[in-house]
Each structure stands twice: as structure tokens, then as C-alpha cells.
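The values are calculated or read from the model by the stated rules, or taken from the named source; none is laboratory data. Everything numeric in this text was worked out from a predicted model, so none of it was measured. Here the Cβ is made from the backbone with ideal geometry for all residues, glycine too, and neighbour counts use every protein chain on show.
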Amino acid sequence: MKPSVPVITVTLNPALDKTVTIERFEYGGLNRIKEMRTDAGGKGINVAKVLKNFEVNASAMGFAAGYQGQVIRDKLETLGIRSVLTEAEGETRVNLKVVDESTRQTTELNEPGFTVDGALLEQFQKALKSGAEETSIIVLGGSLPPGTPRDYYRSLIEIANTQGIRTVLDADGDALALGIEASPFAIKPNIHELEALLGDTFDSTERLIGAARTLIDGGIEYVLVSMGAEGSLLVNRHEAVRASPFPITPVSTVGAGDSMVAALVYSFLHGKSFEDTARWTSAAGTITASKPGTQVCTLQEVEQSVQLVELTHY
């Protein structure tokens, strides 16, 4: 019997993403906005949106606060995504993304977010324990709001582990370093996050695979490393494959990593092979990078392009 909500995504520090498009960014000068849109944002919420496109039911859990928190709930409801966001005091942050059409670059200005306390964190842990009874994968993504212990992801992964639930962690810095101590099922660092985590620089694919295997030796089953235009690397205990993306015109990298995480989860749920998982994650990230603003890939787009991804085995 399949869980009614097979995936829970956790976004502890969500944001109302405000994306503005300008013709050419003038540093220190006047910039007139051509287009503007607002979206419910944060890594876990973005993953839930892609999974919705992939026809997978996901429940978006985390915190929210104030008027902007309610806007996020309303936007998720409009998308048909169930949200269970514990109310915090203060106001949910706004993340401003400035898209420069002339350079095709996106500049992000992220607020720190509301502050949480011990009682609220404990309340969320209880909510997660309860919600996890009907799920099979939990995705933990993004930054921790002020007031959160740096090892909070580790605590949440330990809760999932005791209930036999697979976890996917997409974080950086201390949140990643301490989170992996609880041995999540999979992690998706980018190459810079992995280098910061291990205090090293990887100048070859072989060295990168070796670094991923040190994490696998610690109990992680899958390591997916994103490398931007250089593609991605998927490693488990027995296999390692590099995925080279098909050519695109990059428009916005916002949500590309989250699309890869969603495709990874989709692959796990559907029992896809190691090679197909590498193809799906690469295709999802590539297609999203070719879209403007915060738009993400669809299931049909990934299905149509997945065979264009070239694989190199190691």
C-alpha cells in the first residue's frame, strides 16, 4: 500500500520570492523594472512544486510567520500543494531576485528570516513525527532560521531514521556538516559546498568520486554533486557516473538544484536504475536552468529530453 502523501518536504526558513527583471543592471544607479512576480519559495517548497509537476503528492512542512507566511500558504493552496506550516512570531522573509537580461545573470538578496525558539522547534518535531507516519521520503532543504541549533537537521534525520523513512538533505555549511552525522539516505551538495565541507579542492572527477565515497563510508547511500554547466556526478557504494547535460541557453539557475532533488526523489519512488536516476536529475536541472525566473521543469519536458543526457562511467 502506497503512502497517501509519499513525500514530505521541510522548509524551515521559507521565503516569498520576489523576482524582478531589468534590461541592464546599473550598479549604484536607477534601475527600472520590466517584469515582476512573487512565488512561494525556499528549497523544500521548490522541491514540492516540481514534484507536483511530476504528479507526486508532497506535503510542504516547516515554519511561516505573519502576512507573508499566509501569502505562501495561499500560493501553495492555489498550486494544489498541501502545506503544514507551523506559525512563528515575526514575519516571513522576502528574497529578492534581480534578473539582468543583458548578462543573463541573477543577483539574489536574501533576508535572514524570523527567529524561532526551543518550544517552537519541539512543536515542529512532534508535527513531523506525526506527519511522517504516512510518508516514505522526507526532503530537508535550505537555511535554518535564526534561533535554530546548527545540528537541527541531524535531529530531524534521526527522527526519520527511527521510523524507517529515507531522507534527502540539501543544505550547506554547518547545517550540512552536522546533518550528515545522522546518515541521511542521500545528499545533494554542489561542488563548492562539498569542497567547503571537506576542506579540499577537487580538480578531477576521480578525486571528486573519492570525496563522495568518504561520505558514503559514513552511512550515506547516495551523493549527487551538481557542477553547473559541467554537469553532475552521482555516486553510491558500487557505482559512479557523470552526467553531461544537453546544450541550453541558461536563463536562470534559480530552482535548478531543487529540480534535481525532486527528480532524485521521483527516481527513488519509481525504483529507477542508477543510470536513469543520473539522467533524470541532470535533465530536470538543465531544463529548469533554461527557464526564466522561478519557473521549473515539467514531467513531459524531462521525459522528452532525458535520453539526451550523456553518461560517463567511472
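Among the numbered criteria (1) modelled with pLDDT of 95 or more; (2) within 30 Å of residue 36 (Cβ to Cβ); (3) hydroxyl-bearing (Ser, Thr, Tyr), which single criterion is violated by residue 249?
For residue 249, the exception is condition (1).
If a residue counts only when it is in contact with a helix residue (DSSP H, G or I) (Cβ under 8 Å, 6 or more places away or on another chain), at pLDDT 95 or above and buried (at least 19 other Cβ atoms within 10 Å of the Cβ), which strands (runs of 3 or more DSSP E) contained entirely in the stretch 103-173 have at least 1 such residues?
Here the list reads 137-141, 166-170.
Please go through the stretch 228-268 and give me each residue that is within 14 Å of residue 309 (Cβ to Cβ) and part of a loop (DSSP other than H, G, I, E, B), ordered by number.
Residues satisfying the conditions are 231, 245, 246, 247, 248.
Provide a single number: the residues in the stretch 227-255 that are without any contact (Cβ under 8 Å) to a residue 60 or more places away in the chain, of a type in the set (A, V, I, L, M) and farther than 26 Å from residue 214 by Cα.
Result for the stretch 227-255: 1.
Mind checking which strands (runs of 3 or more DSSP E) fall wholly inside the stretch 1-66 and carry at least 3 residues that are more than 23 Å from residue 291 (Cα to Cα)?
Answer list for the stretch 1-66: 7-11, 58-65.
A quick yes/no check of all residues on (1) crowded, with 24+ Cβ neighbours inside 10 Å; (2) among the basic types (Lys, Arg); (3) touching a strand residue (DSSP E or B) at 6+ places or on another chain (Cβ under 8 Å):
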position	(1), (2), (3)
37	no, yes, yes
48	yes, no, yes
60	yes, no, yes
64	yes, no, yes
74	no, no, no
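Does any residue in the stretch 88-117 that is over 14 Å from residue 66 (Cβ atoms) come within less than 6 Å, Cβ to Cβ, of a residue that is outside any strand (DSSP E or B) and of a type in the set (Gly, Ala, Ser) six or more places away or on a different chain, and which pairs are these?
From residues that are over 14 Å from residue 66 (Cβ atoms), the pairs are 106/252; 117/147.
Is there a residue in the stretch 288-310 that is crowded, with 16+ Cβ neighbours inside 10 Å, in contact with a Pro (Cβ under 7 Å, 6 or more places away or on another chain) and not in a helix (DSSP H, G or I)?
Yes, some residue in the stretch 288-310 is crowded, with 16+ Cβ neighbours inside 10 Å, in contact with a Pro (Cβ under 7 Å, 6 or more places away or on another chain) and not in a helix (DSSP H, G or I).
So that you can scan it fast, the table gives a plain yes or no per residue for (1) over 21 Å from residue 6 (Cβ atoms); (2) at pLDDT 95 or above; (3) surrounded by fewer than 18 Cβ atoms within 10 Å (Cβ to Cβ):
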residue: 215; (1), (2), (3): yes, yes, no
residue: 223; (1), (2), (3): yes, yes, no
residue: 226; (1), (2), (3): yes, yes, no
residue: 254; (1), (2), (3): yes, no, no
residue: 259; (1), (2), (3): no, yes, no
residue: 267; (1), (2), (3): no, yes, no
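Out of all the residues in the stretch 262-284, is one or more out of contact with any Lys or Arg (no Cβ under 7 Å at 6 or more places or on another chain) and within 19 Å of residue 97 (Cβ to Cβ)?
Looking for residues that are out of contact with any Lys or Arg (no Cβ under 7 Å at 6 or more places or on another chain) and within 19 Å of residue 97 (Cβ to Cβ), one finds none in the stretch 262-284, hence no.
Return the only residue of 160, 175 being touching a Leu at 6+ places or on another chain (Cβ under 6 Å) and more than 16 Å from residue 214 (Cβ to Cβ).
Among 160, 175, only 175 is touching a Leu at 6+ places or on another chain (Cβ under 6 Å) and more than 16 Å from residue 214 (Cβ to Cβ).
Specify which of the listed residues (243, 284, 263) is at pLDDT 95 or above, buried (at least 24 other Cβ atoms within 10 Å of the Cβ), touching a Ser or Thr at 6+ places or on another chain (Cβ under 6 Å) and over 17 Å from residue 54 (Cα atoms).
When all the criteria are applied, what remains is 243.
Tell me, which residue of the stretch 76-100 that is more than 24 Å from residue 122 (Cα to Cα) and of a type in the set (S, T, N, Q) is surrounded by the fewest Cβ atoms within 10 Å (Cβ to Cβ)?
For the stretch 76-100, the residue satisfying everything is 78.
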